[in-house]
Amino acid sequence: MGRISAVFKADGAETAGGYSISEWWLEPHTQGPGAHAHPEDDTFYVLEGVMSFFVNGAWIDAAKGSFVLVPGGSPHDFENRSAVRAGILNFSAPGNFEQHMPDITQWFAEHPPGRAGS
């Protein structure tokens, strides 16, 4: 997905649809998918760097080791505003989020991630 990569660690088939786990990495100064909402709950754990998250109408910066909870239906976004690569682990419940990846990768092909603010 250009300057964003994702790898699924556990998918809905492996968890009987209970949850999905994916690892996301954003290159320096990379915007995310843009504000969006979906019915699944998302929990993000910052693996490396500082990731900026839009949740409940405000941006927050989350450093390595931070957890960010996004309840289902809440508009949210994420981006890497820093000068170093940043990574997050995403827990999505219920699962089967990976089924949306073909559409997501196609969207990013048509809308490459822009440069995030600092």
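The values are calculated or read from the model by the stated rules, or taken from the named source; none is laboratory data. Not measured: the values here are computed from a predicted model. Because the Cβ atoms are built from the backbone with ideal geometry, glycine has one as well, and the counts that use them run over all protein chains shown.
General observations
- Subset of the stretch 14-35 (residues that are farther than 17 Å from residue 86 by Cα, hydroxyl-bearing (Ser, Thr, Tyr) and out of contact with any helix residue (DSSP H, G or I) (no Cβ under 8 Å at 6 or more places or on another chain)): 15, 19
- Filter pass, residue 46 being among the β-branched types (Val, Ile, Thr), touching a Ser or Thr at 6+ places or on another chain (Cβ under 8 Å) and within 16 Å of residue 100 (Cα to Cα): no
- Qualifying residue in the stretch 5-17 (condition: at pLDDT 95 or above and of a type in the set (D, E, K, R)): no
- Reported count of residues in the stretch 58-98, each being touching a Gly at 6+ places or on another chain (Cβ under 7 Å) and either under 15 Å from residue 19 (Cβ atoms) or not β-branched (Val, Ile, Thr) (or both), is 15.
- Residue within the stretch 62-69 that is in contact with a strand residue (DSSP E or B) (Cβ under 6 Å, 6 or more places away or on another chain), farther than 13 Å from residue 6 by Cβ and crowded, with 18+ Cβ neighbours inside 10 Å present: yes
- Of all residues assigned to the stretch 70-80, none qualifies as being closer than 20 Å to residue 1 by Cα and without any contact (Cβ under 8 Å) to a residue 40 or more places away in the chain.
- Residues that are at pLDDT below 95, of a type in the set (Phe, Trp, Tyr) and crowded, with 16+ Cβ neighbours inside 10 Å within the stretch 80-107 comprise just one, 97.
- Taken together, the residues in the stretch 34-54 that are buried (at least 17 other Cβ atoms within 10 Å of the Cβ), under 12 Å from the mean Cα position of the chain (by Cα) and under 17 Å from residue 116 (Cβ atoms) amount to 6.
- Just so you know, in the stretch 7-33 the residues that are assigned to a strand (DSSP E or B) and closer than 12 Å to residue 78 by Cβ include one that is nearest to the chain's Cα centre (by Cα), and it is 24.
- Pair list, Cβ < 8 Å and 6+ apart or interchain, from the stretch 18-31 residues that are over 16 Å from residue 91 (Cβ atoms) to residues that are in a strand (DSSP E or B) and of a type in the set (D, E, K, R): 26/79; 29/115; 30/79; 30/115; 31/79; 31/115
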